[in-house]
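Heads up: the structure comes next, in C-alpha coordinates.
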Amino acid sequence: MGQKVNPISFRTGIMLGWKSRWYASKQEFADLLLEDQKIRNFIKNHPKKPQYKNAGIERIEIERTRDEVKVIVHVARPGLIIGKKGQEIEILQEEVQNLVGRVINLKVEEVGRPELKAQLVAEDIAQQLAKRSGFRRTMKRSMEQTMDAGAKGIKIQLAGRLGGAEMARREKQISGSIPLSTLRANIGYGFTEAKTPQGHIGVQVWINNGMFEGDSDGADAEEGQTSKKPKRAYKR
(Lines give C-alpha, C1' and ligand atoms only; values in the text may rest on other atoms or scores of the structure.)
Protein backbone atom coordinates (compact mmCIF):
# COMPACT_ATOMS: atom_id res chain seq x y z
CA MET A 1 0.00 0.00 0.00
CA GLY A 2 1.34 3.42 -0.92
CA GLN A 3 1.89 6.01 1.78
CA LYS A 4 -0.58 8.33 0.08
CA VAL A 5 -3.60 6.05 0.69
CA ASN A 6 -5.95 7.22 3.44
CA PRO A 7 -6.39 4.25 5.82
CA ILE A 8 -10.04 5.21 6.48
CA SER A 9 -11.05 5.13 2.80
CA PHE A 10 -8.93 2.00 2.34
CA ARG A 11 -11.06 0.13 4.92
CA THR A 12 -14.46 1.76 4.29
CA GLY A 13 -16.96 -0.79 3.06
CA ILE A 14 -14.72 -3.68 4.16
CA MET A 15 -14.01 -3.23 7.88
CA LEU A 16 -15.54 0.21 8.49
CA GLY A 17 -19.02 1.59 7.82
CA TRP A 18 -19.83 4.64 5.69
CA LYS A 19 -20.20 8.09 7.25
CA SER A 20 -23.10 8.88 4.89
CA ARG A 21 -25.71 6.13 4.78
CA TRP A 22 -28.38 6.66 2.13
CA TYR A 23 -29.33 5.76 -1.42
CA ALA A 24 -30.15 8.22 -4.21
CA SER A 25 -30.70 8.15 -7.94
CA LYS A 26 -27.98 9.28 -10.33
CA GLN A 27 -29.68 12.67 -10.82
CA GLU A 28 -29.87 13.48 -7.08
CA PHE A 29 -26.65 11.88 -5.84
CA ALA A 30 -24.27 14.82 -6.44
CA ASP A 31 -26.63 17.38 -4.84
CA LEU A 32 -27.17 15.25 -1.74
CA LEU A 33 -23.42 14.62 -1.40
CA LEU A 34 -22.77 18.38 -1.47
CA GLU A 35 -25.57 18.86 1.05
CA ASP A 36 -23.88 16.38 3.43
CA GLN A 37 -20.61 18.30 3.14
CA LYS A 38 -22.42 21.59 3.76
CA ILE A 39 -23.98 20.19 6.97
CA ARG A 40 -20.61 18.92 8.24
CA ASN A 41 -18.81 22.20 7.50
CA PHE A 42 -21.57 24.26 9.13
CA ILE A 43 -21.50 22.27 12.38
CA LYS A 44 -17.69 22.00 12.66
CA ASN A 45 -17.03 25.64 11.66
CA HIS A 46 -20.11 27.35 13.07
CA PRO A 47 -19.91 31.09 12.26
CA LYS A 48 -21.47 32.27 15.56
CA LYS A 49 -20.39 29.58 18.03
CA PRO A 50 -16.59 29.16 18.25
CA GLN A 51 -16.99 26.84 21.27
CA TYR A 52 -17.91 24.04 18.85
CA LYS A 53 -14.23 23.81 17.86
CA ASN A 54 -13.34 23.11 21.50
CA ALA A 55 -16.09 20.48 21.82
CA GLY A 56 -13.94 17.87 20.06
CA ILE A 57 -16.15 16.79 17.15
CA GLU A 58 -14.63 13.52 15.92
CA ARG A 59 -17.03 12.71 13.07
CA ILE A 60 -20.53 13.47 11.79
CA GLU A 61 -22.65 10.64 10.40
CA ILE A 62 -25.68 11.29 8.18
CA GLU A 63 -28.60 8.96 7.46
CA ARG A 64 -31.43 9.86 5.09
CA THR A 65 -35.00 8.60 4.87
CA ARG A 66 -37.88 9.87 2.77
CA ASP A 67 -39.19 11.98 5.69
CA GLU A 68 -36.08 13.32 7.47
CA VAL A 69 -32.31 13.60 7.63
CA LYS A 70 -30.72 12.06 10.74
CA VAL A 71 -27.46 13.74 11.77
CA ILE A 72 -25.37 11.99 14.45
CA VAL A 73 -22.55 14.09 15.94
CA HIS A 74 -19.83 12.19 17.82
CA VAL A 75 -18.30 14.60 20.35
CA ALA A 76 -15.74 14.35 23.15
CA ARG A 77 -17.41 17.14 25.21
CA PRO A 78 -21.14 17.03 24.36
CA GLY A 79 -22.08 19.65 26.97
CA LEU A 80 -20.68 22.45 24.76
CA ILE A 81 -23.12 21.53 21.97
CA ILE A 82 -26.18 20.46 23.98
CA GLY A 83 -26.12 23.48 26.31
CA LYS A 84 -28.27 23.99 29.42
CA LYS A 85 -31.43 21.84 29.31
CA GLY A 86 -30.79 21.07 25.65
CA GLN A 87 -31.47 24.61 24.43
CA GLU A 88 -28.35 24.92 22.26
CA ILE A 89 -28.98 21.69 20.34
CA GLU A 90 -32.53 22.78 19.49
CA ILE A 91 -31.22 26.06 18.08
CA LEU A 92 -28.57 24.20 16.07
CA GLN A 93 -31.20 21.80 14.70
CA GLU A 94 -33.32 24.74 13.48
CA GLU A 95 -30.27 26.38 11.88
CA VAL A 96 -29.37 23.21 9.97
CA GLN A 97 -33.00 22.84 8.85
CA ASN A 98 -32.97 26.38 7.48
CA LEU A 99 -29.63 25.70 5.80
CA VAL A 100 -30.75 22.66 3.77
CA GLY A 101 -34.53 23.08 3.75
CA ARG A 102 -35.25 19.58 5.08
CA VAL A 103 -36.50 18.07 8.35
CA ILE A 104 -33.40 17.42 10.52
CA ASN A 105 -33.18 15.00 13.44
CA LEU A 106 -29.99 15.95 15.31
CA LYS A 107 -28.42 13.59 17.86
CA VAL A 108 -25.26 13.98 19.92
CA GLU A 109 -23.23 10.97 21.12
CA GLU A 110 -20.30 11.14 23.51
CA VAL A 111 -16.91 9.79 22.40
CA GLY A 112 -15.06 7.73 24.99
CA ARG A 113 -11.25 7.99 25.29
CA PRO A 114 -10.57 10.99 23.00
CA GLU A 115 -6.81 10.23 23.31
CA LEU A 116 -7.40 7.24 20.99
CA LYS A 117 -9.23 9.20 18.27
CA ALA A 118 -6.80 10.34 15.57
CA GLN A 119 -8.83 13.36 14.43
CA LEU A 120 -9.11 14.73 17.99
CA VAL A 121 -5.38 14.18 18.62
CA ALA A 122 -4.55 16.04 15.38
CA GLU A 123 -6.79 18.97 16.33
CA ASP A 124 -5.23 19.12 19.81
CA ILE A 125 -1.74 19.28 18.27
CA ALA A 126 -2.89 22.02 15.88
CA GLN A 127 -4.24 24.09 18.78
CA GLN A 128 -0.94 23.77 20.65
CA LEU A 129 1.06 24.79 17.55
CA ALA A 130 -1.22 27.81 17.03
CA LYS A 131 -0.32 28.88 20.59
CA ARG A 132 3.39 28.81 19.57
CA SER A 133 4.22 25.67 21.51
CA GLY A 134 7.36 23.77 20.47
CA PHE A 135 6.46 21.22 17.81
CA ARG A 136 8.76 18.43 19.05
CA ARG A 137 7.54 18.77 22.63
CA THR A 138 3.92 18.81 21.43
CA MET A 139 4.41 15.66 19.33
CA LYS A 140 6.12 13.81 22.18
CA ARG A 141 3.41 14.76 24.70
CA SER A 142 0.59 13.62 22.38
CA MET A 143 2.33 10.33 21.65
CA GLU A 144 2.84 9.60 25.34
CA GLN A 145 -0.82 10.34 26.15
CA THR A 146 -2.08 8.10 23.34
CA MET A 147 0.22 5.18 24.22
CA ASP A 148 -0.69 5.50 27.93
CA ALA A 149 -4.37 5.30 26.94
CA GLY A 150 -3.79 1.83 25.48
CA ALA A 151 -2.98 2.33 21.79
CA LYS A 152 -0.82 -0.22 19.98
CA GLY A 153 1.01 2.46 18.00
CA ILE A 154 0.92 6.06 16.79
CA LYS A 155 2.55 8.06 14.01
CA ILE A 156 2.51 11.87 13.82
CA GLN A 157 3.71 13.85 10.81
CA LEU A 158 3.98 17.64 10.58
CA ALA A 159 4.64 19.52 7.35
CA GLY A 160 5.26 23.25 6.90
CA ARG A 161 7.47 26.01 8.25
CA LEU A 162 8.21 24.24 11.51
CA GLY A 163 9.60 26.48 14.22
CA GLY A 164 9.32 29.50 11.89
CA ALA A 165 12.03 28.18 9.55
CA GLU A 166 12.49 29.82 6.14
CA MET A 167 12.11 26.53 4.26
CA ALA A 168 9.20 24.14 4.81
CA ARG A 169 10.02 20.57 5.77
CA ARG A 170 8.49 17.43 7.24
CA GLU A 171 9.02 15.92 10.67
CA LYS A 172 7.53 12.63 11.84
CA GLN A 173 7.69 10.48 14.96
CA ILE A 174 6.53 6.88 15.36
CA SER A 175 5.87 4.87 18.51
CA GLY A 176 4.70 1.26 18.48
CA SER A 177 3.47 -0.45 15.30
CA ILE A 178 1.38 1.01 12.46
CA PRO A 179 0.47 -1.84 10.02
CA LEU A 180 -1.10 0.28 7.27
CA SER A 181 -1.52 -2.59 4.78
CA THR A 182 -3.30 -4.93 7.24
CA LEU A 183 -7.02 -4.47 6.59
CA ARG A 184 -8.02 -6.06 9.92
CA ALA A 185 -5.95 -3.49 11.82
CA ASN A 186 -8.11 -0.73 13.30
CA ILE A 187 -6.11 2.29 12.10
CA GLY A 188 -7.53 5.73 12.85
CA TYR A 189 -6.47 8.68 10.69
CA GLY A 190 -6.82 12.40 11.33
CA PHE A 191 -5.78 15.49 9.42
CA THR A 192 -6.04 19.20 10.13
CA GLU A 193 -4.08 22.40 9.63
CA ALA A 194 -2.52 24.57 12.31
CA LYS A 195 -2.78 28.27 11.48
CA THR A 196 0.45 29.92 12.63
CA PRO A 197 1.80 33.44 11.89
CA GLN A 198 4.43 31.88 9.58
CA GLY A 199 1.85 29.90 7.60
CA HIS A 200 -0.26 26.77 7.80
CA ILE A 201 1.24 23.54 9.19
CA GLY A 202 -0.32 20.25 8.11
CA VAL A 203 -0.89 17.77 10.95
CA GLN A 204 -1.41 14.07 10.17
CA VAL A 205 -2.00 11.41 12.82
CA TRP A 206 -2.27 7.61 12.51
CA ILE A 207 -3.33 5.58 15.58
CA ASN A 208 -3.33 1.77 15.79
CA ASN A 209 -6.12 0.58 18.10
CA GLY A 210 -5.42 -3.12 17.59
CA MET A 211 -7.47 -5.54 15.48
CA PHE A 212 -11.17 -5.17 14.77
CA GLU A 213 -13.34 -7.13 17.20
CA GLY A 214 -14.83 -10.41 16.04
CA ASP A 215 -11.83 -11.37 13.90
CA SER A 216 -9.49 -14.25 14.61
CA ASP A 217 -5.84 -13.50 15.21
CA GLY A 218 -4.65 -16.32 12.97
CA ALA A 219 -5.64 -19.30 15.14
CA ASP A 220 -7.57 -20.82 12.21
CA ALA A 221 -4.86 -20.09 9.68
CA GLU A 222 -4.06 -23.77 9.17
CA GLU A 223 -7.55 -24.50 7.83
CA GLY A 224 -7.19 -21.99 5.03
CA GLN A 225 -3.57 -22.87 4.28
CA THR A 226 -2.75 -23.94 0.76
CA SER A 227 -1.19 -27.34 0.14
CA LYS A 228 2.60 -27.47 0.11
CA LYS A 229 2.68 -29.64 -3.03
CA PRO A 230 3.42 -27.58 -6.12
CA LYS A 231 0.75 -27.48 -8.80
CA ARG A 232 1.35 -29.70 -11.80
CA ALA A 233 2.70 -27.75 -14.76
CA TYR A 234 1.19 -28.66 -18.10
CA LYS A 235 3.34 -28.29 -21.17
CA ARG A 236 1.79 -26.93 -24.31
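Observations, loosely collected:
For every residue, the table says whether it meets (1) crowded, with 17+ Cβ neighbours inside 10 Å; (2) within 27 Å of Met211 (Cβ to Cβ); (3) free of Cβ contacts under 8 Å to residues at least 24 places away in the same chain; (4) not assigned by TED's automatic domain parsing to the domain that holds Arg77.
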position	(1), (2), (3), (4)
Asp124	yes, yes, yes, yes
Ala130	no, no, no, yes
Ser133	no, no, yes, yes
Gly150	no, yes, no, yes
Ile156	yes, yes, no, yes
Gly164	no, no, no, yes
Met167	no, no, yes, yes
Tyr189	yes, yes, no, yes
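- Taking the numbered list (1) in contact with a strand residue (DSSP E or B) (Cβ under 9 Å, 6 or more places away or on another chain); (2) surrounded by 17 or more Cβ atoms within 10 Å (Cβ to Cβ); (3) under 16 Å from Gln93 (Cβ atoms); (4) of a type outside the set (D, E, K, R) in turn, Ile72 passes all entries but (2).
- Test: residue in segment 117-140 that is under 30 Å from Leu32 (Cα atoms) and part of a loop (DSSP other than H, G, I, E, B): yes
- All positions within segment 9-58 that are surrounded by 14 or more Cβ atoms within 10 Å (Cβ to Cβ), assigned to a loop (DSSP other than H, G, I, E, B), at pLDDT 90 or above and not hydrophobic (A, V, I, L, M, F, W, C): Lys19
- Selection within segment 174-187 - surrounded by fewer than 15 Cβ atoms within 10 Å (Cβ to Cβ) and assigned to a strand (DSSP E or B): Ile174, Gly176
- Listed by first and then second residue, the pairs with beta-carbon distance under 8 Å, at least 6 apart or on different chains, first residue in segment 42-63 and closer than 19 Å to Trp18 by Cα, second acidic (Asp, Glu) and part of a helix (DSSP H, G or I), are Ile62/Asp36.
- Residue match in segment 137-159 (condition: among the hydrophobic types (A, V, I, L, M, F, W, C) and out of contact with any strand residue (DSSP E or B) (no Cβ under 7 Å at 6 or more places or on another chain)): yes
- Meets criteria (small (Gly, Ala, Ser), surrounded by 14 or more Cβ atoms within 10 Å (Cβ to Cβ) and at positive phi) for Gly83: yes
- Selection status of Thr192, outside any helix (DSSP H, G or I), touching a helix residue (DSSP H, G or I) at 6+ places or on another chain (Cβ under 6 Å), closer than 21 Å to Arg59 by Cα and not aromatic (Phe, Trp, Tyr): yes
- Residue among Glu109, Glu171, Glu144, Glu166 that alone is part of a strand (DSSP E or B) and out of contact with any helix residue (DSSP H, G or I) (no Cβ under 9 Å at 6 or more places or on another chain): Glu109
- A Cβ distance below 7 Å, combined with a sequence gap of six or more or placement on separate chains, defines the contacts here; from segment 71-96, residues that are within 17 Å of Pro114 (Cα to Cα) reach residues that are charged (D, E, K, R) and assigned to a helix (DSSP H, G or I) in the pairs Ile81/Glu88.
The values are calculated or read from the model by the stated rules, or taken from the named source; none is laboratory data. It should be emphasised that the depicted structure is a prediction, and the values quoted were computed from it without experimental measurement. Reconstructed Cβ throughout: ideal geometry from the backbone, glycine too, with neighbour counts over all protein chains shown.
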